[in-house]
Structures are given as C-alpha cells and as structure tokens.
Amino acid sequence: IYDRDYPGIEQKIIPSNQWAYTLAATGLLGVTLLAVGFFYPLLYRRNYQRAPLLLFYVIAGASFMVEATLETAMGVAFFGFFLLFLLKYADK
C-alpha cells in the first residue's frame with residue numbers, strides 16, 4: 001500500500017502494538033504461534049509462581065501493547081536476554 005499510494009514516503013510506520021502487527025503480517029496462525037511462544041516459558045513448570053519472571057512478563061506484556069517490541073533488534077535482545085536470564089535464575 002505504501003509503494004502504491006505513497007511512493008514518496010521514505011520512513012514507513014508500523015502498527016503500535018505487537019499483537020496487531022503480527023496479526024496484520026501473518027494472520028491468526030501467526031498470532032497463535034506468538035501467543036504460544038510468549039506464554040509457554042511462563043507456564044512451563046509453573047514458572048508463573050516465580051515473582052521476578054512474572055514481573056518481567058508484566059513489563060514485556062505492557063511493552064507489547066504499546067509498541068511492536070519484537071520488530072527491532074533491540075527489542076528482541078531485551079526480551080531474549082532477560083527471559084533467558086530469569087529462566088536460568090528460576091532453575092536455582
């Protein structure tokens with residue numbers, strides 16, 4: 001649509017929500033896979049009982065609601081680093 005209707009725009013915008021962006025890009029299957037991938041580490045071995053991991057999920061979930069967090073390298077690095085760090089911390 002950008003190329004057809006607005007050929008002069010250099011900086012394209014993306015939806016302001018990770019769930020909406022994924023739905024627009026991949027449909028219901030993509031949103032379902034994103035939801036499974038997002039919530040599986042929290043639900044696996046009852047990790048939701050661990051306060052630091054649950055707090056991280058609240059922060060990441062809030063971030064998903066106001067920006068397309070996983071569409072930037074910094075967002076993937078933030079989410080991946082803290083998720084893996086807290087999952088390793090939860091094993092102890």
- line: From highest to lowest solvent-accessible area (probe 1.4 Å; ligands, DNA and RNA excluded), E67, E10 read E10, E67
field: Separation of the D91 and M74 label points, Cα + 7 Å toward Cβ, nm
entry: 3.0 nm
Å² of accessible area per residue within segment 1-53, as computed with a 1.4 Å probe and no ligands counted: 80 Å²
field: Phi to ³J(HN,Hα) by Karplus 6.51 cos²θ - 1.76 cosθ + 1.60 over segment 14-25, Hz, x for Gly, Pro
entry: 10, x, 8, 7, 4, 5, 5, 5, 5, 4, 5, 7
query: How big is the charge dipole of the chain about its Cα centre, in debye rounded to the nearest 20, if each Lys and Arg gets +1 on its Cβ and each Asp and Glu gets -1 on its Cβ?
result: 600 debye
- line: Share of accessible surface on carbon and sulfur in the chain, whole %, 1.4 Å probe and ligands ignored, is 68 percent
- prompt: What is the mean projected area of the alpha carbon convex hull for the chain, to one decimal in square nanometres?
  reply: 6.7 nm²
message: Could you give each residue of segment 86-91 its phi-based ³J(HN,Hα) in whole Hz, using Karplus coefficients 6.51, -1.76, 1.60 with θ = phi - 60°, and x for Gly or Pro?
response: 6, 5, 5, 5, 6, 5
- request: Report the full-extension gain for the segment Y48 to R4: residue separation times 0.36 nm, less the Cα-Cα distance, to one decimal in nm.
  value: 11.2 nm
- prompt: Can you work out ³J(HN,Hα) from phi for every residue in segment 35-44, in order, using Karplus 6.51 cos²θ - 1.76 cosθ + 1.60 and θ = phi - 60°, giving whole Hz and x for Gly and Pro?
  reply: 5, 5, x, 6, 8, 4, x, 6, 8, 5
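The values are calculated or read from the model by the stated rules, or taken from the named source; none is laboratory data. Everything numeric here is computed off the predicted structure, so don't read it as measured data. We place every Cβ from the backbone using ideal geometry, glycine too, and count neighbours over all the protein chains shown. Surface accessibility is based on the protein's heavy atoms, side chains included, excluding ligands, DNA and RNA. Shrake-Rupley method; radii C 1.70, N 1.55, O 1.52, S 1.80 Å.
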